[in-house]
2 protein chains.
Amino acid sequence: MEEVWDLCREDLQRVEEQIHSDLKSNLSLISIMGSHLINSGGKRFRPLLMILTSRLAGYTGKSHTELASVIELIHAATLFHDDVIDEASTRRGNKTARMLWGNQASILVGDYLYAKAQCTIVSFHNHDLNETITEATRKMAKGELAQLAFNGDLSITEEDYLEIIGNKTASLMAATCRIGAILGECSSEQRTEFESFGWSIGMAFQLADDTLDYIANKAKLGKSVGKDLEEGKVTLPLLALLKRCSQADAEKIERVISLSEFTEENLKYILNLMKEYGVIEYSLDMARSFVEKAKKSLPLFEDTIPLQALLTVADYVVDREL
Amino acid sequence: MEEVWDLCREDLQRVEEQIHSDLKSNLSLISIMGSHLINSGGKRFRPLLMILTSRLAGYTGKSHTELASVIELIHAATLFHDDVIDEASTRRGNKTARMLWGNQASILVGDYLYAKAQCTIVSFHNHDLNETITEATRKMAKGELAQLAFNGDLSITEEDYLEIIGNKTASLMAATCRIGAILGECSSEQRTEFESFGWSIGMAFQLADDTLDYIANKAKLGKSVGKDLEEGKVTLPLLALLKRCSQADAEKIERVISLSEFTEENLKYILNLMKEYGVIEYSLDMARSFVEKAKKSLPLFEDTIPLQALLTVADYVVDREL
């Protein structure tokens with residue numbers, strides 16, 4: 001994977017410059033808060049996807065830099081709002097913007113970045129581009145809302161869960177990869193194939209994330225184990241556990257959640273059950289099946305370097321933190 | 001003005017149906033919260049502007065219904081976020097969505113409505129339309145942010161204040177009127193004229209609103225006097241007062257605001273000063289000067305009925321609640 005990052009180093013540097021130029025504003029809240037979030041250690045995974053897909057599609061121009069910045073601004077906008085909604089105090093080990101500048105400014109800077117991104121997109125005068133991004137952002141908001149509506153609800157089905165992560169996470173990665181194909185002026189079929197690749201990558205990404213939440217090394221990720229559980233987010237490992245465990249265990253888990261009894265003892269109890277019933281492996285297997293699906297989605301092009309890189313990226317999505 | 005509303009009754013009814021169809025969703029939070037806000041007594045002033053401007057521009061199609069709904073959705077999205085930011089408990093005498101469904105849902109439904117509106121806009125495949133709306137929403141977010149940045153800051157200048165209300169309020173009305181001209185396939189010059197009309201109307205609208213905050217009849221508007229003052233929003237009447245009154249009075253006002261001493265006695269004291277220094281009239285005069293500017297912006301067309309109606313609307317903007 002290091003080689004893949006190296007392959008895109010120059011383009012990624014240009015994306016970085018573009019993001020900082022896009023965040024410039026005579027309103028200091030925009031530039032300061034925007035930079036705080038953008039510099040808080042995100043990997044620029046979506047820009048990487050756009051660089052590689054546009055290369056695979058044969059694109060040799062420079063617009064992918066501007067569009068990759070747009071995708072990062074949209075992603076940043078959702079993080080500003082997510083942190084307010086989750087009442088998060090830290091992100092990647094740093095204080096969240098809401099802790100430093102308040103919820104009000106976080107909501108409004110999110111709104112601003114989102115609007116600013118839309119301004120850049122429509123300036124390209126490309127209808128497919130417009131529709132790809134606006135539909136992705138609609139799905140993202142819908143996914144976040146559905147996640148909120150199902151908060152703490154243990155009756156959520158695997159199907160509901162997959163729909164939520166598809167909307168909230170996979171849709172933006174699908175759009176990112178489709179944009180690569182749009183830039184390369186690919187056929188309609190190929191655009192759909194690129195989009196499917198991004199969608200599956202996104203599904204695998206979120207499934208891995210949700211599973212890692214129950215196994216992550218605290219020091220390594222700056223996250224505590226079971227954060228989703230505490231926030232009432234019912235993700236695949238918990239869902240799968242509730243389906244498999246005894247009724248007595250299920251009732252105990254329900255009690256822990258409904259009474260917010262997230263003691264170390266209770267968390268250990270749930271983590272042990274997860275091991276016992278193999279739900280971590282089950283969730284990772286599902287993530288890996290999306291990786292396989294992604295790998296089969298890509299159309300064949302002559303240049304095999306970006307293709308090989310994208311296949312490497314696909315594997316990395318699940319194995320990045322294991 | 002009643003005649004103007006009557007003139008547009010049928011079109012407004014169609015807009016109403018369109019809004020309700022746009023709010024339909026398999027996620028009940030969207031339809032229920034959306035309907036709650038939309039049905040809370042807004043006058044559909046922006047749809048009225050779009051209907052009349054598109055008629056004046058000679059448009060005879062039906063797209064203005066869909067686009068007027070889009071404008072209302074964007075307006076609703078900002079109200080959802082505004083109410084969270086202002087910690088508002090009521091809007092037009094009804095409980096706000098955040099009091100009924102919480103801040104989290106209010107933020108996300110706002111995000112969703114905004115994204116949904118963008119999806120509809122780009123489906124028209126009209127670049128001017130796309131750029132008009134995205135630029136307006138960018139300005140709106142910027143205006144709200146600047147308002148927040150200046151919260152409680154008595155050093156704000158009249159120029160800063162006018163820029164804020166231009167961005168947060170006038171930009172959407174300007175866009176609404178420009179869309180009327182776009183639908184009528186007007187020339188570039190005429191589009192700018194329609195836009196200027198909407199901008200001036202929006203400036204007059206917000207100036208009147210901000211002035212009414214210090215004189216409104218509580219029972220009539222379901223609002224209390226001096227709400228902006230309590231929220232730290234420094235608007236023209238207060239600004240103008242601080243510029244005119246004695247240093248001792250200015251210091252007392254500053255103390256009231258910095259210590260949040262909004263007693264009835266202090267409010268009366270400030271209101272009396274406002275009368276004494278004629279700042280209510282000063283603010284209303286400025287509002288009326290924007291009305292006059294608006295009236296002079298409109299290009300001449302053969303059909304004088306929508307033109308007369310728009311001139312009536314312009315006067316109504318300032319005199320609606322006096």
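General observations
- Comparing A:311, A:20, A:274 along the charge dipole axis of the protein assembly as shown, the residue lying farthest to the positive side is A:274, per the Cβ-charge model.
- Relative exposure of A:81, B:36, judged by other C-beta atoms within 10 Å (fewest first): B:36, A:81
- Principal axis dimensions, largest first and in whole angstrom, of segment B:87-165 by Cα: 45, 37, 21
- Qualifying GluC sites (Glu not before Pro) in segment B:146-230, where qualification requires a DSSP coil assignment and no more than 12 other C-beta atoms within 10 Å, comprise B:185.
- Between residue B:95 and residue B:230, the contour length at 0.36 nm per residue exceeds the Cα-Cα span by 46.7 nm.
- The dipole here belongs to the protein assembly as shown: it is taken about the Cα centre, uses +1 on the Cβ of Lys and Arg and -1 on the Cβ of Asp and Glu, and is about 260 debye.
- Computed magnitude of the charge dipole of segment A:2-319 (debye, nearest 20; Cβ of K, R +1, Cβ of D, E -1): 560
- Phi to ³J(HN,Hα) by Karplus 6.51 cos²θ - 1.76 cosθ + 1.60 over segment B:3-17, Hz, x for Gly, Pro: 4, 5, 4, 4, 4, 10, 3, 5, 4, 5, 5, 5, 4, 4, 5
- Positive-end residue of A:54, A:196, B:211, charge dipole of the protein assembly as shown with Cβ unit charges: B:211
- Within segment A:1-152: Cβ-based charge dipole about Cα centre, in debye rounded to nearest 20 (Lys, Arg +1; Asp, Glu -1): 180
- Fewest-first sequence of B:288, A:191 by Cβ atoms within 10 Å of each Cβ: B:288, A:191
- Value of relative contact order over segment B:2-319, rounded to a whole percent, pairs C-alpha under 8 Å and six or more apart: 19
- Rh by Kirkwood over Cα pairs, then Stokes-Einstein D for segment B:228-307 at 1.002 mPa s and 20 °C, µm²/s: 145
- Net length gained if the chain between residue A:285 and residue A:160 were fully extended (0.36 nm per residue, minus Cα distance): 43.1 nm
- Gap separating the Cα centres of segment B:227-241 and segment A:1-39, nearest whole Å: 38
- Here is the P(r) of the protein assembly as shown: all C-alpha pair distances, binned every 20 Å from 0, give 18, 48, 29, 6, 0 in whole percents.
- Taking every DSSP helix (H) stretch of at least 4 residues in the protein assembly as shown, weighting each as -39,500 (n - 2.57) and dividing the sum by the residue count yields a mean residue ellipticity at 222 nm of -24000 deg cm²/dmol.
- Rounded Å value of the spacing that divides the Cα centres of segment A:191-213 and segment A:47-79: 17
- Structural descriptor for segment B:1-110: relative contact order 30 percent, calculated from alpha carbon pairs under 8 angstrom and at least 6 residues apart.
- Positive minus negative residues near residue A:167 (Lys, Arg vs Asp, Glu; Cβ under 10 Å): +2
- Sequence-distant contacts, meaning Cα pairs under 8 Å at least 6 residues apart, place the relative contact order of segment A:21-171 at 20 percent.
- In the assembly of identical copies, residue B:3 has its label point, taken 7 Å from Cα in the direction of the beta carbon, separated from the corresponding points by 8.0 nm (ascending, one decimal).
- Nearby lysines by direct alpha-carbon distance to residue B:62 (threshold 23 angstrom, same-chain neighbours under 8 apart not counted): B:24, B:43, B:116
- If R0 is 45 Å, the Cβ-Cβ spacing of residue B:192 and residue A:39 corresponds to a FRET efficiency of close to 0.70.
- Calculated SAXS-style log₁₀ I(q)/I(0) at q = 0.07, 0.11, 0.13 Å⁻¹ - segment A:2-319, Debye, Cα scatterers: -0.28, -0.71, -0.98
- Taken along the Cα-to-beta-carbon direction at a fixed 7 Å, the label points for residue B:24 and residue A:300 span 4.6 nm.
- Measuring between their Cα centroids, segment A:160-188 and segment B:140-175 lie 36 Å from each other.
- Taking GluC sites (Glu not before Pro) across segment A:1-88, the ones in a DSSP loop with at most 15 further Cβ atoms lying within 10 angstrom of their Cβ are A:87.
- Computed from Cα positions, the angle between helix A:188-212 and the longest principal axis of chain A comes to roughly 30 degrees.
- Which of A:274, A:1 has the fewest Cβ neighbours within 10 Å, and the rest in rising order: A:1, A:274
- Estimated distance in nm for a label pair at residue B:126 and residue A:264, the labels positioned 7 Å out from Cα along Cα-to-Cβ: 6.4
Bear in mind these aren't lab numbers, they're just calculated from the coordinates by the rules spelled out. Remember, predicted model here, so these are calculated numbers, not experimental data. No Cβ is skipped: glycine too gets one built from the backbone with ideal geometry, and neighbour counts run over all protein chains shown.
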